[in-house]
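Student: After the structure tokens below, expect a handful of questions from me.
The values are calculated or read from the model by the stated rules, or taken from the named source; none is laboratory data. Predicted model, so just to flag it, every value in this text is computed and none were measured. A quick note on method: Cβ atoms are made from the backbone with ideal geometry, for glycine too, and the neighbour counts reach across all protein chains shown.
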Amino acid sequence: MASNDRVDFKNPVINWIDERLPLFSLMHKEYAAFPTPRNFNYWWNFGAIATVMLIVMIATGIFLAMYYTPSTDRAFTSVERIMRDVNWGWMIRYIHMNGASMFFIAVYIHIFRGVYYGSYKRPRELLWILGVIILLLMMATAFMGYVLPWGQMSFWGATVITNLFSAIPVIGNAIVTWLWGGFAVDNPTLNRFYALHYLLPFVIVGVVVLHVSALHISGSNNPLGIDPKTPKDTVPFHPYYTAKDGFGLTLFFLFYAFVVFYAPNALGDPDNYIVANPMATPQHIVPEWYFLPFYAILRTFTVDIHIPFTHIVLISSKLGGVILMFSAILMLLLMPWLDRSPVRSAVFRPIYKLLFWVLVIDCCVLGYLGGKPPEGAYVIVGQIATALYFMFFLIALPFLPKIEKTRPLPKSISEAVLNKN
């Protein structure tokens with residue numbers, strides 16, 4: 001950073017450090033004086049909330065790692081010891097356990113906000129892709145963390161999910177053996193998952209840094225979906241949005257605290273308080289709630305596809321479900337190229353807005369079905385909901401711009417804000 005870009009701080013200690021290593025000037029430029037659209041609403045709080053939740057998860061995870069024992073013989077009892085004997089161990093574990101749910105709530109809202117306001121469109125395609133990569137890393141981290149308590153649902157969830165990779169032709173069984181570290185979910189599996197669960201949050205931090213860097217290069221989107229054109233369209237990030245983010249964080253953490261102290265097990269499965277037993281299968285194996293929509297999509301593929309006029313299976317029902325599940329996430333990655341509308345925000349796209357809310361309801365239905373047994377009407381409704389999910393991305397997004405009549409865009413952000421006031 002050039003000397004003329006430095007900020008003259010009043011604090012002599014900070015000023016002395018900044019003259020030699022201008023970190024504070026860099027932070028001031030990127031987080032205090034950084035120009036942001038003046039019309040952000042509270043949906044933009046969830047990016048900051050997700051960042052804070054990542055810090056909370058890493059901090060509590062480090063403390064839990066001091067007392068956890070990654071062994072099939074002692075993992076379950078070490079968690080019980082944390083809960084019963086370690087000072088404040090119960091609170092740290094509940095903060096960490098429910099923090100995963102809070103993290104996913106914040107990220108899912110953050111993603112749906114981006115879909116609604118077109119934050120994936122040019123020039124923010126790479127920003128969006130990095131966000132989806134963060135989601136994938138979160139899913140891997142959360143899945144491995146769920147295995148660590150070594151309860152019934154931990155063991156059988158790991159067995160079912162890792163077995164899905166065996167559906168991949170030729171290399172599937174080798175992948176499963178590598179994941180297990182042997183020929184069953186056992187001690188090597190637990191050790192691998194523990195090591196990766198500890199490592200991946202720091203990988204997420206690295207991708208978050210890239211995500212924020214891309215944001216500061218391309219600039220933030222806003223509810224109108226138009227770029228700032230004049231200095232009146234923007235305000236400094238501090239103090240305007242630090243105050244707004246602080247208010248949103250306070251409300252979110254009140255909800256978080258209520259769950260931790262009054263309903264800490266509401267989002268978990270009671271079977272995970274039973275020690276893992278390979279000889280006793282739970283009646284209904286389900287993952288954590290934040291995986292349920294994808295789990296429902298996985299189970300909707302119920303038939304084998306054969307080569308015509310032969311008995312040779314081209315795509316088994318198991319492989320088909322795996323393809324559908326990963327394709328559901330792939331659709332998010334492809335959104336910048338599937339949606340060709342020049343208008344970003346759903347505020348000016350009446351048909352798109354309607355279809356967006358259909359998608360939200362559809363994802364909630366899939367989440368509900370993912371927690372139900374794959375039988376009867378649940379399967380049929382799940383197949384319909386899955387079809388609607390993919391129709392939104394593969395049919396509605398590409399073809400909607402050809403038929404949708406969008407509302408006229410305002411000339412500038414400041415004009416729209418002042419006229420509204």
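Student: Kindly list the number of the only condition in (1) crowded, with 21+ Cβ neighbours inside 10 Å; (2) closer than 30 Å to residue 273 by Cα that fails for residue 119.
Tutor: Among (1) crowded, with 21+ Cβ neighbours inside 10 Å; (2) closer than 30 Å to residue 273 by Cα, the lone unmet condition for residue 119 is (2).
Student: Mind checking which helices (runs of 4 or more DSSP H) fall wholly inside the stretch 1-91 and carry at least 1 residues that are of a type in the set (D, E, K, R) and at pLDDT 95 or above?
Tutor: Ranges flagged: 75-84.
Student: Would you mind telling me which numbered condition in (1) within 27 Å of residue 147 (Cα to Cα); (2) surrounded by fewer than 16 Cβ atoms within 10 Å (Cβ to Cβ) residue 89 fails?
Tutor: Result: residue 89 fails condition (2) only.
Student: Hey, any hits in the stretch 213-221 for a residue that's within 17 Å of residue 119 (Cβ to Cβ), touching a strand residue (DSSP E or B) at 6+ places or on another chain (Cβ under 9 Å) and not polar (S, T, N, Q)?
Tutor: Within the stretch 213-221, one or more residues are within 17 Å of residue 119 (Cβ to Cβ), touching a strand residue (DSSP E or B) at 6+ places or on another chain (Cβ under 9 Å) and not polar (S, T, N, Q).
Student: For the subset of the stretch 262-282 comprising residues that are touching a helix residue (DSSP H, G or I) at 6+ places or on another chain (Cβ under 8 Å) and part of a helix (DSSP H, G or I), which member is surrounded by the fewest Cβ atoms within 10 Å (Cβ to Cβ)?
Tutor: Among those residues, the one meeting the criterion is 271.
Student: For a quick check of your reading of the model, give me the residue pairs whose first member lies in the stretch 53-73 and is buried (at least 17 other Cβ atoms within 10 Å of the Cβ), whose second is of a type in the set (Phe, Trp, Tyr), with beta-carbon atoms closer than 6 Å and at least 6 apart or on different chains.
Tutor: As it stands, the answer is 53/103; 70/194, since those pairs meet every condition given.
Student: When you scan the stretch 255-265, do you find a residue that is among the polar types (S, T, N, Q) and over 28 Å from residue 390 (Cβ atoms), even just one? Outline the logic, then answer.
Tutor: Quick first cut of the stretch 255-265, residues among the polar types (S, T, N, Q) only: 265.
When the remaining residues are screened for being over 28 Å from residue 390 (Cβ atoms), the result is 265.
Checking the stretch 255-265: at least one residue is among the polar types (S, T, N, Q) and over 28 Å from residue 390 (Cβ atoms).
Student: What is the residue count in the stretch 307-342 for residues that are in contact (Cβ under 8 Å) with a residue 12 or more places away in the chain, surrounded by 15 or more Cβ atoms within 10 Å (Cβ to Cβ) and not in a helix (DSSP H, G or I)?
Tutor: Result for the stretch 307-342: 3.
Student: Could you identify the single residue in 76, 112, 143 that is among the hydrophobic types (A, V, I, L, M, F, W, C), buried (at least 19 other Cβ atoms within 10 Å of the Cβ) and closer than 26 Å to residue 209 by Cα?
Tutor: Details: 76 fails: closer than 26 Å to residue 209 by Cα; 112 fails: buried (at least 19 other Cβ atoms within 10 Å of the Cβ).
The match here is 143.
Student: State which residue is farthest from residue 96 (Cα to Cα) when the search covers only the stretch 145-164 and only residues that are part of a helix (DSSP H, G or I) and of a type in the set (Phe, Trp, Tyr).
Tutor: In this case the residue turns out to be 156.
Yes/no per residue for (1) at pLDDT 95 or above; (2) within 30 Å of residue 70 (Cα to Cα):
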residue	(1), (2)
196	yes, yes
203	yes, yes
241	no, no
257	yes, yes
264	yes, yes
269	no, yes
284	no, yes
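Student: A follow-up question, please. So the check is Cβ under 9 Å with 6+ separation or different chains; which pairs have a first residue in the stretch 345-356 that's within 9 Å of residue 225 (Cα to Cα) and a second one that's among the aromatic types (Phe, Trp, Tyr) and crowded, with 19+ Cβ neighbours inside 10 Å?
Tutor: Correct list of pairs: 345/116; 345/117; 346/116; 346/117; 346/352; 347/116; 347/117.
Quick grid of which residues meet (1) in a helix (DSSP H, G or I); (2) crowded, with 16+ Cβ neighbours inside 10 Å; (3) out of contact with any Gly (no Cβ under 8 Å at 6 or more places or on another chain); (4) touching a residue at least 24 places away in the same chain (Cβ under 8 Å):
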residue: 183; (1), (2), (3), (4): no, no, yes, no
residue: 190; (1), (2), (3), (4): yes, yes, yes, yes
residue: 208; (1), (2), (3), (4): yes, yes, yes, yes
residue: 215; (1), (2), (3), (4): yes, yes, yes, yes
residue: 225; (1), (2), (3), (4): no, yes, no, yes
residue: 245; (1), (2), (3), (4): yes, yes, yes, yes
residue: 253; (1), (2), (3), (4): yes, yes, yes, no
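Student: Where the second residue is among the hydrophobic types (A, V, I, L, M, F, W, C) and part of a helix (DSSP H, G or I) and the first is free of Cβ contacts under 8 Å to residues at least 12 places away in the same chain and within 19 Å of residue 198 (Cα to Cα) and lies in the stretch 146-157, which pairs have Cβ atoms under 9 Å and are six or more apart or on separate chains?
Tutor: Sorted first by the residue in the stretch 146-157, then by its partner, the list stays empty.
Student: From the list 343, 379, exactly one residue is within 25 Å of residue 109 (Cβ to Cβ) and out of contact with any Pro (no Cβ under 6 Å at 6 or more places or on another chain). Which is it?
Tutor: Selected residue: 343, the only one of 343, 379 that is within 25 Å of residue 109 (Cβ to Cβ) and out of contact with any Pro (no Cβ under 6 Å at 6 or more places or on another chain).
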